[in-house]
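Student: Pasting in a structure now, in structure tokens, and then I'll have a few things to ask.
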Amino acid sequence: MKTIVAALTLALGASVLPGSAQAQATLAGIKQKGFLTCGSNPGLAGFGVPDAQGRWTGLDVDFCRALAAAIFNDTTKIRFIPLSAKDRFTALQSGEVDLLSRNTTWSMSRDTTLGLDFPAVNFYDGQGFMVKKKLGVTSAKQLDGASICTQQGTTTELNLADYFRANKLKYEVVAFATADETFKAYDSGRCDAFTTDASGLYSERLRASNPDDNIVLPEIISKEPLAPAVRHGDSQWADIVRWTHYAMLNAEEAGITQANVDQMKGSDNPDVRRILGTEGKFGEGIGLTNDWAYRIVKLVGNYGESFERNVGQGSPLKIQRGVNALWSKGGLQYGPPIR
């Protein structure tokens, strides 16, 4: 019996170890091929969208560039892979992309059943509704009996059902496979209301035939913590993704910007020195150079700079920081210390 147990133990160990070694190989694979592959939204203004020349911009795009900066000190060593909501998880699971940075809600089922991890929330969001002003609706609770356009395969459908059931309202779902089809249907009048994350409502409103004819209703009906996703099992890669976000937050809190980052390298402030790698070996701890965070701020900027130019007051969306402000300014964004 002992011999059988020992043999089974060895066999199990042999089957597990290669998988574990493979799971920890994301960073090595990225360095070997010489670029990062990032799964992105193909058309959500402010978060991820390519222009006519194929140049990508957006908050989620900036996050991918921050990773490329940390790894290669070069934000051009990256390939953006446009992914639909339906295909995004399969692409990550299969290894087609190294990272999913595509306005994806972190939920328990996704975290525990898809073989994925969500290292950090880079945008706190919530689902809302948009309607035509001519409908005369000022609250989501006035949508009893309305037809509502939504996208298939998203948490949006489930939240919609929960909200209307909880408020004893009736509605008709008009569902489409892609975000583009869904909004075009709303814009053309095929439904009374359009629902998605509030950030997406502001983004899509810019594409409407007459943007000023549409309003976003005040109700937020869900919690939508949007987070980059990685494959489960590679703790080193998850740490790099997690601390890239935290480095951008800590840099903002410390007043380190693209404009002053070189000057700040000479600071006597211990927190600043640790962030920028002039003190300690924190980069080595996650498989990077010790100036990894300096590279991020130098080439991409801190979190606040990325927010403002992509979705904030410096962008067409003009979304208020709100809950995405730093914790020290009343928001939820909080970067644990680099120490």
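The values are calculated or read from the model by the stated rules, or taken from the named source; none is laboratory data. If you're wondering where the values come from, they're calculated on a predicted model, not measured in any experiment. Every residue, glycine among them, receives a Cβ derived from its backbone with ideal geometry; neighbour counts consider all protein chains shown. SASA here: full protein model, heavy atoms, side chains in, ligands and nucleic acids out. Shrake-Rupley method; radii C 1.70, N 1.55, O 1.52, S 1.80 Å.
Student: Output the qualifying pairs, or none if there are none: Cβ atoms under 6 angstrom, residues six or more apart or on different chains, first residue in the range 88-113 and under 22 Å from Thr57 (Cβ atoms) and polar (S, T, N, Q), second residue surrounded by fewer than 24 Cβ atoms within 10 Å (Cβ to Cβ) and modelled with pLDDT of 95 or more.
Tutor: Asn103/Leu226
Student: How many residues, within the range 247-275, are buried (at least 19 other Cβ atoms within 10 Å of the Cβ) and over 24 Å from the mean Cα position of the chain (by Cα)?
Tutor: Summing the residues that are buried (at least 19 other Cβ atoms within 10 Å of the Cβ) and over 24 Å from the mean Cα position of the chain (by Cα) in the range 247-275 gives 4.
Student: Go through the range 102-141 and report how many residues are more than 19 Å from Leu332 (Cβ to Cβ) and of a type in the set (S, T, N, Q).
Tutor: 5
Student: Exactly one of (1) open to solvent by 40 Å² or more (accessible area, probe 1.4 Å); (2) assigned to a loop (DSSP other than H, G, I, E, B); (3) farther than 14 Å from Thr244 by Cα is unmet by Pro337. Its number?
Tutor: Status for Pro337: all satisfied but (3).
Student: Shifting gears a bit: Only one residue in Phe129, Phe72, Phe118, Phe123 is over 28 Å from Leu217 (Cα atoms), in contact (Cβ under 8 Å) with a residue 60 or more places away in the chain and aromatic (Phe, Trp, Tyr). Which one?
Tutor: On inspection, the qualifying residue turns out to be Phe118.
Student: Let me ask something else about it. Out of curiosity, is Ile256 touching a helix residue (DSSP H, G or I) at 6+ places or on another chain (Cβ under 6 Å), closer than 22 Å to Asn122 by Cβ, in contact (Cβ under 8 Å) with a residue 12 or more places away in the chain and not charged (D, E, K, R)?
Tutor: Yes: the conditions hold for Ile256.
Student: Here are some conditions: (1) open to solvent by 20 Å² or more (accessible area, probe 1.4 Å); (2) assigned to a loop (DSSP other than H, G, I, E, B); (3) modelled with pLDDT of 95 or more. Ile319 meets all but one. Which one does it not meet?
Tutor: (3) is the only condition that Ile319 fails.
Student: Can you confirm whether Asp234 is exposed (fewer than 15 other Cβ atoms within 10 Å of the Cβ) and either free of Cβ contacts under 8 Å to residues at least 60 places away in the same chain or of a type in the set (D, E, K, R) (or both)?
Tutor: The answer is no for Asp234.
Student: State whether the residues of the range 295-311 include one that is over 30 Å from Ala28 (Cβ atoms), free of Cβ contacts under 8 Å to residues at least 12 places away in the same chain, open to solvent by less than 40 Å² (accessible area, probe 1.4 Å) and not in a helix (DSSP H, G or I).
Tutor: no
Student: Assess whether Lys168 counts as being on the phi > 0 side of the Ramachandran plot and either surrounded by fewer than 21 Cβ atoms within 10 Å (Cβ to Cβ) or in contact (Cβ under 8 Å) with a residue 40 or more places away in the chain (or both).
Tutor: yes
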